[in-house]
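Report on one structure; see the data block that follows.
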Amino acid sequence: MMSSSSLSYAATIYRPPSSSSLPSTALFPSSFPSHFSHSLVSSHTNRFSRFGVKCSYADAGVKDTNSFAIDVEANIKAERLVVLGGNGFVGSAICKAAVSRGIEVISLSRSGRPSTLDSWVDQVSWITGDVFYVNWDEVLPGATAVISTIGGFGSEEQMQRINGEANVISVNAAKEYGIPKFVLISVHDYNLPSFLLTSGYFTGKRKAESEVLSKYPGSGVVLRPGFIYGKRKVGDFEIPLDLIGEPVEKLLDATSSFTKPLSSLPASDLILAPPVSVDDVALAAVNAVKDDDCFGVFTINQIKEAAAGVKV
């Protein structure tokens, strides 16, 4: 005969009373009380959700005389993502991709909520603010990851401030709040002459990269796309960058075996670095957030692999 008993639980920690007479090795009690519970207290830097699990077992030839039920409470950390510059071209694509994965999303940008009427917009918490002056207490508590899309062009001073200083401040704020993951959208490492790479745009981006990799050596992610294409909205106008980027990407992919020997030529990246779609950048960033083993610098091809969910 086979007898069965059921066990319903949701994970627990059982701690016997401390005593100097207890051995230092872990012990498993031979019997449990018929009912016990343990609540885990979450800190202000994490958000949790409750779950329950049931399991059953059957032992052949064993008469069940001591069946019992155990009710246990447990907490699981829910994902909460902060996107810096979430109203921008890349930032909005990241917000859209994240909410489609069931991730809670908060966007911080100077322009706040976008004007688009797309349904995913209602699923994002939009905060208007500047990283230089924002009260981080209103943005970061409870977050499990930060993605920064902050960047731009202008004078040398402006580019250093936007691409470099703004991101450095954001990285340090995230670190102070105990957020375990930081993803930076940077720029491809073009093989340009050195005097061109000293511009505020590139030096600012590299300064931000260094901050991410030093503060988050085992979890920080730097994505280095080249030309990013997609339908980019500027005011009331939409610029179809995909009409240029997509065919060029396909052409370069098809001819890569012929063009690869040319990649060592100075400035050849301006022509030969393949474009990448804004959706691929967004998916790579979101997948990096969800994968605890994902960290380091990602090239253009690695971004595409990460977007497809391929280990790189």
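The values are calculated or read from the model by the stated rules, or taken from the named source; none is laboratory data. These numbers come from a predicted model, not from an experiment. Virtual Cβ from ideal backbone geometry, glycine too; neighbours counted across all protein chains shown. Note: accessible area is taken over every heavy atom of the protein model, side chains too, but ligands, DNA and RNA are not part of it. Shrake-Rupley method; radii C 1.70, N 1.55, O 1.52, S 1.80 Å.
Brief remarks on what is shown
- From the options GLU156, GLU176, residue that is open to solvent by 10 Å² or more (accessible area, probe 1.4 Å) and at pLDDT 95 or above: GLU176
- Within region 189-212, the set of residues being closer than 24 Å to ASP279 by Cα and in contact with a helix residue (DSSP H, G or I) (Cβ under 6 Å, 6 or more places away or on another chain) comprises TYR190, TYR201, LYS205, ALA208, VAL212.
- If the condition is being at pLDDT 85 or above, open to solvent by 10 Å² or more (accessible area, probe 1.4 Å) and β-branched (Val, Ile, Thr), then region 215-247 contributes ILE228, ILE244.
- Of all residues in region 220-235, those that are over 18 Å from ASP279 (Cβ atoms) have Cβ atoms under 7 Å from Cβ atoms of residues that are open to solvent by 80 Å² or more (accessible area, probe 1.4 Å) and assigned to a loop (DSSP other than H, G, I, E, B), 6 or more apart or on another chain, in GLY220/PHE295.
- Members of region 203-258 that are under 20 Å from the mean Cα position of the chain (by Cα) and farther than 30 Å from ASN172 by Cβ: none
- Looking across region 249-308, the residues that are closer than 30 Å to LEU81 by Cβ, part of a helix (DSSP H, G or I), touching a residue at least 60 places away in the same chain (Cβ under 8 Å) and open to solvent by 20 Å² or more (accessible area, probe 1.4 Å) come down to ASP279, LEU283, LYS290.
- Just one residue in the set ALA145, ALA173 is touching a residue at least 60 places away in the same chain (Cβ under 8 Å) and touching a Leu at 6+ places or on another chain (Cβ under 9 Å); that residue is ALA145.
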